[in-house]
Amino acid sequence: MIMSGRPWRRRAAYSGRWEAARLSPVVLTLLIAGMAFSTPREIAFSRLLPAAPALAAAMWPVLPTVLLGAVCLLLMILLSFFHTDLGTPYTSAAIIAVTLAAAYGSHIRLQREETLFQVRLVADAAQKVLLRPLPHRIENVEIESLYLAAQEQARIGGDFYEAIGTPYGVRLLIGDVRGKGLTAVGAAAAVIGSFREAAYDEPDLLGVVRRLETTVTRHSAAFPVHDQPEHFATAILAEIPPGGGLVRLLNCGHPPPLIAHPGGVRVLEPTIASPPLNLAALIGARYCVDTFTLAPGEQLLLYTDGVSETRDHSGRFFPLPEWMRRQEPEDPRALLDQLHGDLLRHGGGRLDDDIAALALRPTTARDRGVLGAGG
């Protein structure tokens with residue numbers, strides 16, 4: 001999963017909690033043994049000893065689980081010398097039975113963890129193909145990306161983006177496939193693959209979007225879903241020509257981009273709404289390319305609806321334009337890092353939908369010279 005910000009802090013905290021949890025079977029064993037030795041025989045805390053190997057099966061390998069069961073059995077035998085009539089044979093039999101069952105459960109768990117690990121390796125490889133790392137700079141444009149999965153263990157989803165330097169300028173794509181799971185991932189892969197070819201071949205964005213429309217239509221026909229009209233994707237195609245100074249946008253039913261400048265924020269609404277991909281045959285293939293100024297130092301933010309539709313505990317959407325106005329002029333990486341943190345705070349640490357965003361900033365020759373000297 002591609003992340004911005006500082007995910008290593010969350011991983012370190014999670015790792016620390018997990019290491020502490022792994023000691024819980026030992027702590028439970030010592031606690032039960034201590035209570036059994038220090039309380040009257042009638043209370044019989046020793047009968048709880050089978051719980052320790054049962055707990056160990058959830059987090060330990062087979063051999064340590066068996067060894068802990070053996071320790072519990074020895075503790076039970078030792079207790080029988082201090083307290084008679086504890087029902088030692090019955091508790092010992094319970095410890096042996098639970099330990100054997102726990103060892104088998106630990107073996108099954110390890111097999112499933114290995115299978116899950118292999119699946120994640122495949123998912124990581126698929127993600128590197130689908131959402132390959134973008135260069136930090138293409139020609140005279142700084143570019144940074146952000147991807148957040150709604151589920152912490154997820155790797156890939158229906159949100160997608162790409163940025164390519166072409167003879168016609170820097171061309172970008174961001175979009176969101178309707179739906180979840182492998183169906184959405186397959187459609188997203190088809191769109192990105194088509195864009196990577198069409199961006200080099202087609203002289204204008206109209207030619208690119210028609211290629212994408214054909215690709216999604218063919219993919220949808222080859223891999224039909226139960227509700228065919230639901231199988232579509234919203235997207236934005238953007239082009240910054242070699243001379244810079246402007247950006248061309250073709251918005252196919254996607255949330256409008258934002259441009260942050262010293263005087264405020266501009267919302268780049270399309271003049272005429274273009275149809276989402278795979279819906280042109282249904283509502284008409286009328287595409288509109290809008291041109292906006294984009295001066296050096298201004299920042300353009302492209303995003304999926306997971307950003308603007310992140311809700312807080314009261315159901316309020318994330319106020320993206322207002323948030324953008326409050327940001328100081330920063331580089332694209334800092335902007336996305338701040339967006340990442342504020343989205344998580346607004347959503348209470350939880351996301352209801354996948355999130356993808358691209359932030360880019362044109363630079364002047366002087367800026368490139370300063371950056372090159374600093375590097």
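The values are calculated or read from the model by the stated rules, or taken from the named source; none is laboratory data. Quantities reported herein were computed from a predicted structural model and do not represent experimental measurements. Because the Cβ atoms are built from the backbone with ideal geometry, glycine has one as well, and the counts that use them run over all protein chains shown.
Scanning segment 261-281 for residues that are outside any loop (DSSP other than H, G, I, E, B), surrounded by 12 or more Cβ atoms within 10 Å (Cβ to Cβ) and over 26 Å from the mean Cα position of the chain (by Cα) gives HIS261, VAL265, ARG266, VAL267, ALA280. Residues in segment 51-99 that are within 24 Å of GLN111 (Cβ to Cβ) and outside any helix (DSSP H, G or I): ALA57, ALA58, MET59, TRP60, PRO61. Out of the residues in segment 297-314 meeting the condition of being out of contact with any Asp or Glu (no Cβ under 7 Å at 6 or more places or on another chain), of a type outside the set (A, V, I, L, M, F, W, C) and in contact (Cβ under 8 Å) with a residue 60 or more places away in the chain, tell me which one is surrounded by the most Cβ atoms within 10 Å (Cβ to Cβ). Among those residues, the one meeting the criterion is TYR303. Restricting GLU328, GLU322 to residues that are in contact with a strand residue (DSSP E or B) (Cβ under 9 Å, 6 or more places away or on another chain) and without any contact (Cβ under 8 Å) to a residue 24 or more places away in the chain narrows the list to GLU322. Filtering segment 321-375 to residues that are modelled with pLDDT of 75 or more, farther than 15 Å from LEU301 by Cβ and assigned to a helix (DSSP H, G or I) leaves GLY341, LEU344, ARG345, HIS346.
Annotation note: Cβ proximity below 7 Å between a residue of segment 194-205 that is buried (at least 20 other Cβ atoms within 10 Å of the Cβ) and a residue that is charged (D, E, K, R) (sequence gap 6+ or interchain) occurs for SER194/ARG211; PHE195/GLU162; ALA198/ARG211; ALA199/ARG171; LEU205/GLU239; LEU205/ARG248. If you check ALA221, ALA233, ALA163, ALA238 for being surrounded by fewer than 24 Cβ atoms within 10 Å (Cβ to Cβ) and closer than 28 Å to ALA149 by Cβ, only one passes: ALA163.
Give me the residue from segment 232-276 that is among the hydroxyl-bearing types (Ser, Thr, Tyr) and in contact (Cβ under 8 Å) with a residue 60 or more places away in the chain and, out of that set, farthest from TRP323 (Cα to Cα). My answer is SER274. What are the pairs, 6+ residues apart or on separate chains, where a residue within segment 55-72 that is in the same structural domain as ARG112 (by TED's automatic domain parsing) has its Cβ under 6 Å from a residue that is part of a loop (DSSP other than H, G, I, E, B)? Final answer for the pair search is THR65/ALA57; CYS72/LEU49.
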